Amino acid sequence: MPSIALVTLVVRDYDEAIAFYTDALGFDLVEDTDRGGGSRWVVVRPRGAAGVGVGGLGNAGLLLARAKNEAERASVGNQTGGRVGFFLHTEDFARDHARMTAAGVTFLEEPRHEPYGSVAVFEDLYGNRWDLLQPADAPDPVPSPA
């Protein structure tokens, strides 16, 4: 069965994007390969996401692509026209919201509890809007030992 392996996210700078996605959002750096001429193949994926797509790069991988011209630079941070364009699912909303807030992630609203789950909109370092979402059908998180 086909699956979406990667989604391209145009970024200003490879290293600042890697730092944000790995440090602030807790993603894994899956690949960072020099392609010559200042170009790199950079893939990040939420920690723990299974690699089930072509070449083991499936399930929510982001290809971080450095903007190369004025048209691409103009799209950085506005790739979805100001709408929420990315959805980061979690099994423990409170834990991840607290961790991301402590890491400096900008949330645009207080957490909401909707029929479909717990959600809050945040921005990445460029202004792209994301939902942090714990679906209502997600298992309850295992309490941490006191």
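The values are calculated or read from the model by the stated rules, or taken from the named source; none is laboratory data. Predicted model, so just to flag it, every value in this text is computed and none were measured. Every residue, glycine as well, gets a Cβ built from its backbone with ideal geometry; the counts of neighbours run over all protein chains shown. Note: areas computed on protein heavy atoms with side chains; ligands, DNA, RNA excluded. Shrake-Rupley method; radii C 1.70, N 1.55, O 1.52, S 1.80 Å.
Relative to the longest principal axis of the Cα atoms of the chain, the long axis of helix 93-102 lies at roughly 50 degrees. Rolling a 1.4 Å probe across the protein heavy atoms gives the chain an accessible surface of 57 Å² per residue. Which percent, nearest 5, of DSSP beta bridges in the chain are antiparallel? Beta bridges within the chain, antiparallel portion: roughly 70 percent. Leaving ligands, DNA and RNA out of it, report the carbon-plus-sulfur percent of the accessible area of the chain at a 1.4 Å probe. Carbon and sulfur atoms account for 53 percent of the accessible area of the chain.
Could you tell me the calculated FRET efficiency between His89 and Glu31, based on Cβ-Cβ distance and R0 = 22 angstrom, to the nearest 0.05? Efficiency at R0 = 22 Å is approximately 0.50. Among Gly82, Gly26, Gly127, the largest mean-square fluctuation in a Gaussian network model of the chain, built with springs joining Cα atoms closer than 10 Å, belongs to Gly82.
With every protein chain in place and a 1.4 angstrom probe, the accessible-area ranking of Ile18, Ile4, largest first, reads Ile4, Ile18. Name the residue, out of Asp34, Asp131, Asp23, whose mean-square fluctuation peaks in a Gaussian network model built on the chain with Cα pairs under 10 Å. Comparing Asp34, Asp131, Asp23 in a Gaussian network model of the chain, the most mobile one is Asp34. Shape of the chain from its Cα gyration tensor (a ≥ b ≥ c, root eigenvalues): rounded if a/c is under 1.5, otherwise prolate when a/b > b/c, or oblate? Taking the square roots of the gyration eigenvalues as a ≥ b ≥ c, the chain is prolate.
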